[in-house]
Amino acid sequence: MRISKLSLNAVMTLALTWGTCATPLFSAEIDFENEILPILEDNCVFCHGEDEQESGLRLDRRVGMLKGGDSGLPAVVPGDIQKSYLLEVINHVDPDMAMPPDEDKLSEDDIRLVTRWIEQGALWPGQMDDVVEEESDHWAFQPIASEFQHDSIDGFLKARLVESGLDYSDPADPRSLIRRVSIVLTGLAPSPERTERFWQDYQQDSQNAYETLVDELLASPHYGERWAQHWLDVIRWAETNGSESNMYRKNAWMYRDYVVRAFNEDKPYDRFIHEQLAGDRLGQGDATGFLVAGPHVPAATVGQEPTSIRQARADRMDEILQTVGASVMGMTVGCARCHNHKFDPISIQDYYSLSAVFQDVEFGSRYPELSSDHPRVVRERELRQTLAHLRSEMRSQGWAWVEDWTGYEEIHFPPKQTDALRIDFDRRWLQIDELELLDVAQPQRNLLVAMADTVITDNPVTHDKAQPTARLNDGVFGTKGWRGVSPKGSDETPWLQFKFPEKTTVGTIRISSNREDFLQTDYLEGMNKRTYGDFTIQLPDQEGAWKAFASTAAMRERSKSNEDRQNLQDQIQNVIEELLIQGPQPAFLAEFVEPVSTFVLSRGSPESPRDQVYAAAPRLLDGQLNVRPDSPGPQRREALADLLTNPSNPLTARVVANRMWHNVFGVGIVSTPSDFGRAGAPPSHPKLLDWLAAAVVESDWSLKRVVRMMVLSQAFRQSSEPREDGLAVDASAQLLWRFPPRRVEAEVIRDDVLQASGRLDRSIGGPSYRIHNVKKRYSQWEVVDNHGEQTWRRMLYQERMRRVDDRIFTAFDFPDCGQIRAKRPVSTTPLQALNLLNSDFVVEQSNLIAGRARDEAGESVSDQVRRCFELLLQRQPNDSEIAASVEFVDRQSLALLCRTLINTNEFVFLP
């Protein structure tokens, strides 16, 4: 049962009425010591007193009542019986929260006394000066230190090692070091040639050789790919919704490309946060894919039941808050959705105030807002100029043609000045969601909108009252548009007629059946089906009779029969296809809606709204955003970004510094990178973490500078070999007496196999490569090709589908993107070895590596074996390894050797 505000008001009013009827001296002041305290002592303090506080509620102190318990609702609000949650529970308004239980319910007289006591101000002698204080003594919420005893990473680490009786290990050998730093910074092992060159340079000047290598890797475009992967894990970005239908998210990859570009450009981290929260205000609309990175249930699956719609909306808001909380704040904010956070000073009011910041955000697609210098806008200008030139050539020949823009078609014909136009359709049944008539001089000007007095009529015989002509230009895409239906036995076909208020020039028709699918999703059977078919365009002659002057069917036929015309049209289509990839296109980057009022939802239920709240950050961050209650959504989001990146905020810089450390050394200084709260792990080196956080801010939020500092440290450059003294004191190497070896991720294994075979496509960005089927709307995705030549790009660009096993690398803990992965789990199973030995991908690539080894190593068997080792492990094998491999004399045997090497610890571990 859930109670509305109206019914609660009724209960409270009735309670007061009873009090008036039963007590002649209603206005008499309540005697707390003799009338209220005995009620509390007899019925409440055993479970909610000094020794025990069930549900976090303490009722033996007035301040405990004011604070309330885990529900987040104050038990008592002096003078306000409507907001005093205690009155609800003792009245048993909600059976699930009835206190004391039914058999012990307070008497009506006691309930009236408590009600009057609260209404009179809840006076409690001796405790009236006590105030509610938020606990904030946890280390993560304290200001970042400003004075330090050391000025380098190694200074902090060595001091701690000395305390434990340890020291660094010897330096790593050059071949291990280049492999380590290359994989950490770019996710790709170095080539044998680069390894050999580094080894030679290292012998001459180790420091200069290493610094040169690090700067080279930081400048590589593959740096952004590597570090984007880490970020995408944290926010569980994927290209499907999850849920039952698990629909594809149209062009969601544009956000992934934004992240790659941001890391490559070393975009200041504070700017990175601003753009992801409010990129629509900053000319970086593609960055807002961050807000909708998590899973959600689409409207079609939710259905039309109002309570289900409200619940789904609340769930989507929770996904946004989880993303922001885990990635930027390092806090489990979602724990406060139903009650106050069990461990951290985040109240349920904080949760819903933070949700008010994002009330204008909805999961969906839109055209992103991009600045004039954005790479997509620059490329669009270039392609649009080319397209305009090609169209001009077509018009100069007097030709008409049809352009396929995937979600809609554009029909271009010689411009006509007219005050009327008619379209006759060939089909007996058709559906159109939007139809636009465009002016050639202003290609984006829709005459049907610009000329508001245009009269649109359709064939009365085929008219469908349920979907009238008014829907042809309502701006709403989908299946609820205009429909024409020929009655059974009738020869009439649908037509549309347009009468303009004055003569105008028409040269283009843009038409679609269901542009909503084009905007929102992809890879579905029946997608972008054109139910309208072919049609004839007619104009009135001098007598007013309709005369046909163009036909889409004729346009297609004439292009086929004229080589020059077809060639020109093919060029136009090629430019369009390039625009659909490289230009600003609709993408799953969040839709924006009108913000609605936000209420605290008791126990997380949208059916139990409580007090209204306004946009704010959690109080532990001094959460005032200084925006008006009715401020627009973008302003709220930008204000939150300002607060999160303010240097006085202790969380943001600490969290990102720790995240960088985790990605460099394998384990963060705080080993729970997305939980800096009391339930998370304490920092192993708190002063070092503060020093790094300060360094992030002082470097103008440059993450590359901080990463460079980490990989240049002695701690990073030391050997990973075990030592007995270190293992005895610190087996996990948390103190970094050696570089902790770790297994590389699924992406590194796959990308390095492709690199070894010489078949890795290193192109940056663009649509993901496909490995799945085209499916029915409520079917499941199936892997159909996970190793073909078109998939030989970096695994970052593989379609990232929720709840789908890619049948190779999911076994290597590749995340399913359903949960936040601040750090990936590491499992060891027989399936991993079997996959590497027997998967089609590895077998295929092993043959290619063997062929490359034979081609590049000459005829010597030893040279061929050596080359296999070099390609896969980037090192020279020793004589005993070659001697053990002399039986590998043919290509098939070399391929078997390659499969074996791929499965070795040396290949799948970071040294």
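One table, with the values for the structure above:
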{"item": "Which listed residue is in a loop (DSSP other than H, G, I, E, B) and under 24 Å from residue 352 (Cβ atoms), from 63, 45, 77", "result": "77"}
{"item": "Residues that are surrounded by fewer than 21 Cβ atoms within 10 Å (Cβ to Cβ) and either part of a strand (DSSP E or B) or of a type in the set (A, V, I, L, M, F, W, C) (or both), drawn from the stretch 482-493", "result": "485"}
{"item": "Of the criteria (1) assigned to a loop (DSSP other than H, G, I, E, B); (2) over 45 Å from the mean Cα position of the chain (by Cα), which one residue 38 fails", "result": "(1)"}
{"item": "Complete set of residues in the stretch 649-692 that are under 17 Å from residue 267 (Cα atoms) and not β-branched (Val, Ile, Thr)", "result": "653, 657, 659, 660"}
{"item": "Residue match in the stretch 134-142 (condition: buried (at least 18 other Cβ atoms within 10 Å of the Cβ), touching a Leu at 6+ places or on another chain (Cβ under 6 Å) and not assigned by TED's automatic domain parsing to the domain that holds residue 61)", "result": "yes"}
{"item": "Meets criteria (touching a Phe, Trp or Tyr at 6+ places or on another chain (Cβ under 6 Å), over 22 Å from residue 693 (Cα atoms) and not assigned by TED's automatic domain parsing to the domain that holds residue 71) for residue 624", "result": "no"}
{"item": "Hits in the stretch 426-456 (condition: farther than 18 Å from residue 480 by Cα, of a type in the set (S, T, N, Q) and in a strand (DSSP E or B))", "result": "446"}
{"item": "From 554, 657, 641, residue being in contact with a His (Cβ under 6 Å, 6 or more places away or on another chain) and outside the structural domain of residue 89 (by TED's automatic domain parsing)", "result": "641"}
{"item": "Evaluation of residue 331 against (1) surrounded by fewer than 24 Cβ atoms within 10 Å (Cβ to Cβ); (2) over 13 Å from the mean Cα position of the chain (by Cα); (3) under 30 Å from residue 228 (Cβ atoms); (4) not polar (S, T, N, Q) (one fails), failing number", "result": "(1)"}
{"item": "Given (1) touching a residue at least 24 places away in the same chain (Cβ under 8 Å); (2) in contact with a Phe, Trp or Tyr (Cβ under 7 Å, 6 or more places away or on another chain); (3) outside any loop (DSSP other than H, G, I, E, B), number of the condition residue 790 does not satisfy", "result": "(1)"}
{"item": "Members of the stretch 631-648 found to be modelled with pLDDT under 95 and either among the β-branched types (Val, Ile, Thr) or farther than 18 Å from residue 267 by Cα (or both), listed by number", "result": "648"}
{"item": "Answer residue from the stretch 378-411, given it is under 27 Å from residue 514 (Cα atoms) and part of a helix (DSSP H, G or I) and is nearest to the chain's Cα centre (by Cα) among those", "result": "380"}
{"item": "Every residue from the stretch 324-334 that is of a type in the set (A, V, I, L, M, F, W, C) and within 14 Å of residue 672 (Cβ to Cβ)", "result": "326, 329, 331"}
{"item": "From the options 58, 112, residue that is basic (Lys, Arg) and free of Cβ contacts under 8 Å to residues at least 12 places away in the same chain", "result": "58"}
{"item": "Pairs with Cβ under 7 Å, 6+ apart, first in the stretch 848-859 and touching a residue at least 60 places away in the same chain (Cβ under 8 Å) and under 17 Å from residue 193 (Cα atoms), second crowded, with 19+ Cβ neighbours inside 10 Å and of a type in the set (S, T, N, Q)", "result": "849/757; 852/757"}
{"item": "Residue match in the stretch 355-370 (condition: charged (D, E, K, R), in contact with a Lys or Arg (Cβ under 9 Å, 6 or more places away or on another chain), over 26 Å from residue 515 (Cα atoms) and in contact (Cβ under 8 Å) with a residue 60 or more places away in the chain)", "result": "no"}
{"item": "Qualifying positions in the stretch 254-305 - modelled with pLDDT under 95, over 16 Å from residue 520 (Cα atoms) and in contact with a helix residue (DSSP H, G or I) (Cβ under 6 Å, 6 or more places away or on another chain)", "result": "302"}
{"item": "Matching residues in the stretch 34-47 - criterion: being more than 17 Å from residue 117 (Cβ to Cβ) and either loosely packed, with under 15 Cβ neighbours inside 10 Å or modelled with pLDDT of 90 or more (or both)", "result": "46"}
{"item": "Residue 310 vs. criteria under 20 Å from residue 237 (Cα atoms) and either of a type in the set (D, E, K, R) or in contact with a strand residue (DSSP E or B) (Cβ under 8 Å, 6 or more places away or on another chain) (or both)", "result": "no"}
{"item": "Condition met for residue 188 (modelled with pLDDT of 95 or more, within 25 Å of residue 756 (Cβ to Cβ) and part of a helix (DSSP H, G or I))", "result": "no"}
{"item": "From the options 202, 255, residue that is of a type outside the set (Gly, Ala, Ser) and over 21 Å from residue 766 (Cβ atoms)", "result": "202"}
{"item": "Criterion: in a helix (DSSP H, G or I) and modelled with pLDDT under 55 - qualifying residue of 25, 16", "result": "16"}
{"item": "Hey, residue 536 within 22 Å of residue 448 (Cβ to Cβ), touching a helix residue (DSSP H, G or I) at 6+ places or on another chain (Cβ under 9 Å) and crowded, with 18+ Cβ neighbours inside 10 Å or not", "result": "yes"}
{"item": "Among (1) in contact with a Leu (Cβ under 8 Å, 6 or more places away or on another chain); (2) on the phi > 0 side of the Ramachandran plot - the single one residue 850 does not satisfy", "result": "(2)"}
{"item": "Helices (runs of 4 or more DSSP H) completely within the stretch 494-595 that count 1 or more residues being more than 35 Å from the chain's Cα centre (by Cα) and modelled with pLDDT under 95", "result": "552-561, 563-582"}
{"item": "Condition broken by residue 811, with the remaining ones in (1) over 13 Å from residue 771 (Cβ atoms); (2) under 26 Å from the mean Cα position of the chain (by Cα); (3) at pLDDT 90 or above; (4) loosely packed, with under 15 Cβ neighbours inside 10 Å satisfied", "result": "(4)"}
{"item": "Test result for residue 164, in contact with a Leu (Cβ under 7 Å, 6 or more places away or on another chain) and either surrounded by fewer than 18 Cβ atoms within 10 Å (Cβ to Cβ) or more than 30 Å from residue 228 (Cβ to Cβ) (or both)", "result": "yes"}
{"item": "Failed item, numbered, when residue 210 is tested on (1) farther than 27 Å from residue 590 by Cα; (2) surrounded by fewer than 20 Cβ atoms within 10 Å (Cβ to Cβ)", "result": "(2)"}
{"item": "Residue within the stretch 412-425 that is in contact (Cβ under 8 Å) with a residue 12 or more places away in the chain, in a loop (DSSP other than H, G, I, E, B) and either loosely packed, with under 13 Cβ neighbours inside 10 Å or not hydroxyl-bearing (Ser, Thr, Tyr) (or both) present", "result": "no"}
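The values are calculated or read from the model by the stated rules, or taken from the named source; none is laboratory data. On a predicted model such as this, the values are computed, not experimentally measured, just so you know. Neighbour counts are summed over all protein chains in view; Cβ atoms, including those assigned to glycine, are modelled from backbone coordinates with ideal geometry.
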